[in-house]
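Single-structure report; data block below.
The values are calculated or read from the model by the stated rules, or taken from the named source; none is laboratory data. Here the structure is a predicted model, which is why all the values come from computation and not from measurement. Reconstructed Cβ throughout: ideal geometry from the backbone, glycine too, with neighbour counts over all protein chains shown.
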Amino acid sequence: MSTIIHFVRHSTYANPARIVPGRIPGYHLDEGGKERAKKTGESFKNKPVNYIYTSPLERAYETANIIGKYLPGAKISHVYELTEIDSIHWQAYKLEELFTNNYYEAFLNDSSTKEVPENLDELAKRLNSFTQKLCEKHKNQEIICVSHLYPIVVLRLYLEGKLLTMAKNYEVSSASITTFEFDENCKLIHTDYTVPS
């Protein structure tokens, strides 16, 4: 038997000012985001999922709540470990200005930089530690985690033994599913990626 952990990136959210929200509260799913989350939820319908873990940010837990409607009885838990990276040095920047931010550039290009509150190495450690705990706790089960772009991408790179700085070349779509399958020792067996449509 294997343990399956599905990492869902939160769905799309209203952001008329086109800024980087980071950990700023108040960003809720837009109508399109709700529809995409429903499609993701439908893809989990009839799967043996009893636990959904989610980042405490609105765009994530609203996605988790919609998915949960397709999994009656699944327990939803808000956990800090799945939250967005600590991007205090560039959150609230306009998206088009992001690459003019030296801290963001340092974050992307040096996995151990000390110029940011949470670098890629630290992000990988946070996500991997949490994932391993979940794997041990939910052996031979199938669970869902709702998180954000960089936590999901960096976890995948780490588990697959790739350079974390490759994160700048990876993209996971909103409401997409990155699935990790682990063996009885919680070692990665297989990774899959799907975008429900």
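Looking only at region 103-137, residues that are in contact with a helix residue (DSSP H, G or I) (Cβ under 9 Å, 6 or more places away or on another chain), part of a helix (DSSP H, G or I) and free of Cβ contacts under 8 Å to residues at least 12 places away in the same chain come to 3 in all.
Just checking, how many residues over region 158-178 are more than 22 Å from Lys38 (Cβ to Cβ) and of a type in the set (Gly, Ala, Ser)? Total meeting the criteria: 2. Each residue in region 24-77 was checked for being more than 13 Å from Cys145 (Cβ to Cβ), among the polar types (S, T, N, Q) and not in a helix (DSSP H, G or I), and 2 pass. Against the test of being within 20 Å of Arg18 (Cβ to Cβ) and among the aliphatic types (A, V, I, L, M), the options Leu108, Leu127, Leu123, Leu82 yield a single qualifying residue, Leu108.
Number of residues in region 78-97 that are surrounded by 15 or more Cβ atoms within 10 Å (Cβ to Cβ) and either outside any loop (DSSP other than H, G, I, E, B) or of a type in the set (Phe, Trp, Tyr) (or both): the value is 5. When region 24-44 is filtered for residues that are touching an Asp or Glu at 6+ places or on another chain (Cβ under 8 Å) and farther than 24 Å from Ile143 by Cβ, the ones remaining, listed by number, are Pro25, Gly26, Tyr27, His28.
Within the set Asn65, Asn50, Asn46, the sole residue that is modelled with pLDDT under 95 and either more than 28 Å from Pro117 (Cβ to Cβ) or among the basic types (Lys, Arg) (or both) turns out to be Asn46.
One residue stands out among those in region 151-191 that are in contact (Cβ under 8 Å) with a residue 60 or more places away in the chain and small (Gly, Ala, Ser): the one that is farthest from Thr63 (Cα to Cα), which is Ser173.
For region 160-186, filtering for residues that are under 18 Å from Leu108 (Cα atoms) and either of a type in the set (Val, Ile, Thr) or part of a helix (DSSP H, G or I) (or both) leaves 7.
Might you check whether a residue that is crowded, with 18+ Cβ neighbours inside 10 Å, over 17 Å from Thr179 (Cα atoms) and among the charged types (D, E, K, R) occurs anywhere in region 121-132? Write out each step before concluding.
Filtering region 121-132 for residues crowded, with 18+ Cβ neighbours inside 10 Å gives 123-124, 126-127, 130-131.
Okay, now just the ones that are also over 17 Å from Thr179 (Cα atoms), so 123, 126.
Filter again for among the charged types (D, E, K, R), leaving 126.
Checked region 121-132: at least one residue is crowded, with 18+ Cβ neighbours inside 10 Å, over 17 Å from Thr179 (Cα atoms) and among the charged types (D, E, K, R).
If you filter region 138-159 down to residues that are under 12 Å from the mean Cα position of the chain (by Cα) and in a helix (DSSP H, G or I), you find that the one that is nearest to Asn128 (Cα to Cα) is Leu155.
Would you be able to say whether some residue in region 102-111 is closer than 21 Å to Ile5 by Cα and surrounded by 21 or more Cβ atoms within 10 Å (Cβ to Cβ)? Don't jump to the end; show me each part of the working.
Just the residues of region 102-111 that are closer than 21 Å to Ile5 by Cα, to begin with: none.
Scanning region 102-111 turns up no residue that is closer than 21 Å to Ile5 by Cα and surrounded by 21 or more Cβ atoms within 10 Å (Cβ to Cβ).
Taken as a whole, the structure places Leu95 among residues that are farther than 26 Å from Asp183 by Cα and either in contact (Cβ under 8 Å) with a residue 24 or more places away in the chain or of a type in the set (Gly, Ala, Ser) (or both).
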